[in-house]
Each structure stands twice: as structure tokens, then as C-alpha cells.
1. Take Gly318 and decide whether it is touching a Gly at 6+ places or on another chain (Cβ under 7 Å) and either open to solvent by 20 Å² or more (accessible area, probe 1.4 Å) or more than 29 Å from Pro216 (Cα to Cα) (or both).
2. Only one of Gln83, Gln75 is buried (at least 18 other Cβ atoms within 10 Å of the Cβ), free of Cβ contacts under 8 Å to residues at least 24 places away in the same chain and either closer than 30 Å to Ala219 by Cβ or in contact with a strand residue (DSSP E or B) (Cβ under 9 Å, 6 or more places away or on another chain) (or both); which?
3. Conditions: (1) farther than 22 Å from Gly125 by Cα; (2) at pLDDT 95 or above; (3) open to solvent by less than 30 Å² (accessible area, probe 1.4 Å); (4) touching a Gly at 6+ places or on another chain (Cβ under 6 Å). Leu278 meets all but one. Number of the miss?
4. Filtering segment 164-187 down to residues that are of a type in the set (Asp, Glu) and touching a Gly at 6+ places or on another chain (Cβ under 9 Å), which residue is least open to solvent (accessible area, probe 1.4 Å)?
5. When you go through (1) open to solvent by 40 Å² or more (accessible area, probe 1.4 Å); (2) of a type outside the set (Ser, Thr, Tyr); (3) within 19 Å of His192 (Cα to Cα); (4) touching a residue at least 12 places away in the same chain (Cβ under 8 Å) one by one for Asn92, which number turns out not to apply?
6. Which pairs do you get when a residue that is over 16 Å from Val300 (Cβ atoms), found in segment 208-223, comes within reach of a residue that is open to solvent by less than 10 Å² (accessible area, probe 1.4 Å) and of a type in the set (D, E, K, R), reach meaning Cβ atoms under 9 angstrom, with the pair 6+ apart or on two chains?
7. Of the residues in segment 441-461, how many are out of contact with any Pro (no Cβ under 6 Å at 6 or more places or on another chain) and either within 13 Å of His351 (Cβ to Cβ) or not in a loop (DSSP other than H, G, I, E, B) (or both)?
Amino acid sequence: MGEKKNFDQKQRPLFDALKKHHKQEKISFHVPGHKNGLNWLEDMAAFRGILPFDQTEVTGLDYLHEAEGAIKKSQDLLTNFYQSQQSYYLVNGSTVGNLAMILGTTQKGDRVFVDRNVHQSIIHGLELNELRPIFLAPEIESKHQSPVGISLATLQKALLAYPDVKALILTYPTYAGDIYPIEELLDLAKAHNCLTLVDEAHGAHFILGEQNASFPKSALFLGADIVVQSAHKMLPALTQSAYLHIGNNLTEEQKSKVEHYLHMLQSSSPSYLLMLSLEYARWFLASLTAADLEASLVLVKNWKCFFEEQGLNAEISGDPLKLILRYQGLTGIELGKKLEKSGLFPELVDHEKIVLTFPLIKENQDLGAFSEFDKCQLGLEKSSEKRNNFIVNGHYSRLSELELTYAAQVGLMFEKIMWRTSIGRIAAENITPYPPGVPLALKGEKIQQEHITQLAGWLSQGARVVGLTEQGEIQVYLEEK
């Protein structure tokens, strides 16, 4: 990445424009219908302070899809801060970023390599463009049987088998904050003229790796062509807000095509509150000092010590703002329920662990409940219930393709059958435990015993599974007679 140009990262042009508009506007005769909070009454009155900033594209407030004023200045600051070729605000979450980066860089029928552990939005992008994905199975960490990224050997094998591949699509970091040597994968893919697209939903703060070695470096800084980040996950931005960053090696034609899909897929009435929060998140990151970062890391370490004193196993993941908790004798789901009774609500709960995410903070700021360790009464006891342990993200083939391409699935008839009887049938819908939203069985994939074992394990833990009816049925394609 090149050196940052002389931009004043203390600027907030969109905030300034909205504040100016608020002072000028006496009466709103335009949308939205709340008229700066006029008709938000009684218990909703608390929102009135922010609703004047929930605006539309009136004079002086610019337009996201053809930005030339305050929004352009705001996105230029984002571009400068992340040292990208161009960065964009996303108001439909990282989902729309994942869709746009896939649709904007591939053509129907292209082969692409895809991390088996990707989010469902990536799978939807593959289907929309009728791509031919080759799924690469991640390595499984031995201690806790967690996926930790694709190995270089797997990618080398895939490139030999499919030399015509157009793109490599990766997830980095994992939902639990695990990292892996992504730079060597990016370098190898580029050596084979393969585009590199990264869903970095949980890594918007990895830009801090440039100034503090405790934080990993972003895939953007390591050479990825496009990186999508959910700003709301780890930065102080509103839910559904995200960034898309174009790397410095993408062509102008590819960049324009991505912009076309962002315009097509996002709302024509983008939320100014979401955009304002995206600007604030960039401004907040740029304001962090070395002392602030140290205070943020100490906050996590203090909570780690607290949980260990309560008898839990606590590990800081590859992302120093994520804490992994386990408790001998309790499943992750049981442990999560115990914490929720104490008022502590985790980010992720699965069969064997829970994941906590921590905020970036300023030195000496009031942390409120985050500093009140002594008020937490966990009351942990070991469970006497019989365990039904299973391995998440089971051992799939290193390289695998769909039984039916997305193009071949168009127009096919399907039926619903009980999931336990579906071995050998072809799934007509993604079957996805949620969270984290990583498909277990893929639409167009032949269902194997491994899928059934995995599904049984998730259900035994009380997980919600999208694609499974209340009666226990899944959709499969009708077999030819």
C-alpha cells in the first residue's frame, strides 16, 4: 500500500452537512414521514435527538450513488485512511458488498475457488451469477476442532486441477476471530492471475495492525483485490453498515462494474444515519492513540482474568478483541444461558464455546458496566446431563463441486422430505445453522452422511437451522424416473 496523502482525518464532512441542514430546516415537507421526529411520541421520544439526522437527498446533503459533495468527501477520507484505490459506504450490510464484489468481477459460468466456511451471502452471490464454485475445505485445528483457514497445499492442489479459475473467495478472520496465513494464499492466487476477494466482515479494525502488532493486518494491506468489512461488528457503527474497499491492482473496468452493482443492489434511499455512523467509525479509528489501543487490550485482559477466577477457560483469539470461553461440564449453549441470566449476552454460542466481542475504547473513558466485575454473579455449576458431542465443520473433501451447477438447477422441481432420509438426494435449498450463517449443505450438493451427522449434532444442541421446517423436512430436487 502507498503512503497516505495529506488528509485531515479529524474531518467529518457528512456530519457537518447534516448539522448545517438541521439548523436551516424549520419545517420538513419531504420524506421521511417522521418529520425530524415530530410524530415519535411517548416512549419513542428518546429517538427525537437523532431523527433530524435521518434525512433524504435534499439540497446540500449529496447522493450516495453519484456522490459529489459531502458524501464524496466523507468516502474520500475513508479511502485515504484505508489506503485503498476506492472505498465505499454500504447501507445494506456486508451482504451487499459480498454480492457486488462477486457480480462485479466474474461472468456467468466462471470457475471460482470458495472457502467452504463462507457466509451464506457469498453462496447467494455464486448462485446469482450462476458460477461454478470449487469448494476448498479449511484445515481443522486439533484441540477444539475449529476451522482455521485453507492451507497453501490445498490451494496449490486446486490450482493444478483447475487452471482456468477466475477468483479465490476467502473468509478472514473466522467468526470466532481465528486468523491464518492469508498473505501466502493471496500471493499464490495472484501468481496464477486469480482475483482475490475477501469477506473480512469481522476485521474492519484490522487496519490497526499497521500501528500495533497485537492486531492482525487486514487482507487489504496484504494485497487482496476487494475486501468487504462489516463496520458495525467491531467498530462503533450502526447495525447494517459496512465498507467495501477496492485494492490498488483492480482495473478501472472492474471497479466500475462493482460500482454498478452497488448502485443496483442497494437502496435508492440510503440511510443517512447509517452513513453518518460509518463516517463516525472511520473518524473514531483515526483518533485512536497508542494509549487508547493499550487501554482496549487491557480491558479484554481484565475480563479474561475475571472469567478465569470464576473457573472458566478463557482464551484471547487471533483477534485481540475477541474472548473465547469454555467451561468443563457445560456445553457452550448451557454456558451462554448462564451468562445471559447474569446480564452478559455473548456474540456467538455453539456446542462447545461462546465468543465475546469487546469494544475499542479511549484511554480513561467511563466504561460503565464493562468495568463492574464485582457485580457479575455467574453461579456456574457443572451439568449432569449426558453430552452429545460432535465436530462442527466436519471433514469434507479437500476439493468439491456441486452435483448440479446453478445453471442446471434453474426450473427444476423439488419436494420436501424428512432430513434423516435425505442421504443421496440433492439439496434444493441451503441448509444453514444460524448463527454463524455458514451453510452446512449447499443448494445443488448431494447430501452425504457427513451432512446428516453434522445436522444431527446442531439440532441436539438446540441450534436454529434455516432451510429446515418445524416438521424436520428439507427441500430436495425430484429424481428423474
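The values are calculated or read from the model by the stated rules, or taken from the named source; none is laboratory data. It should be emphasised that the depicted structure is a prediction, and the values quoted were computed from it without experimental measurement. Positions of Cβ are backbone-derived with ideal geometry, glycine not excepted, and every protein chain shown enters the neighbour counts. These accessible areas exclude ligands, DNA and RNA; they are computed on the full protein's heavy atoms, side chains included. Shrake-Rupley method; radii C 1.70, N 1.55, O 1.52, S 1.80 Å.
1. Answer is yes for this residue.
2. None of the other options fit; the residue is Gln75.
3. If we test Leu278 against (1) farther than 22 Å from Gly125 by Cα; (2) at pLDDT 95 or above; (3) open to solvent by less than 30 Å² (accessible area, probe 1.4 Å); (4) touching a Gly at 6+ places or on another chain (Cβ under 6 Å), just (4) comes out false.
4. Looking at residues that are of a type in the set (Asp, Glu) and touching a Gly at 6+ places or on another chain (Cβ under 9 Å), I get Asp178.
5. (3)
6. The qualifying pairs are Ser218/Glu200; Ala219/Glu200; Leu220/Glu200.
7. So the count comes out to 14.
Every residue, every condition in (1) in a loop (DSSP other than H, G, I, E, B); (2) farther than 30 Å from Leu208 by Cβ, yes or no:
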residue	(1), (2)
Lys26	yes, yes
Met44	no, yes
Pro52	no, yes
Glu57	yes, yes
Asn98	no, no
Met101	no, no
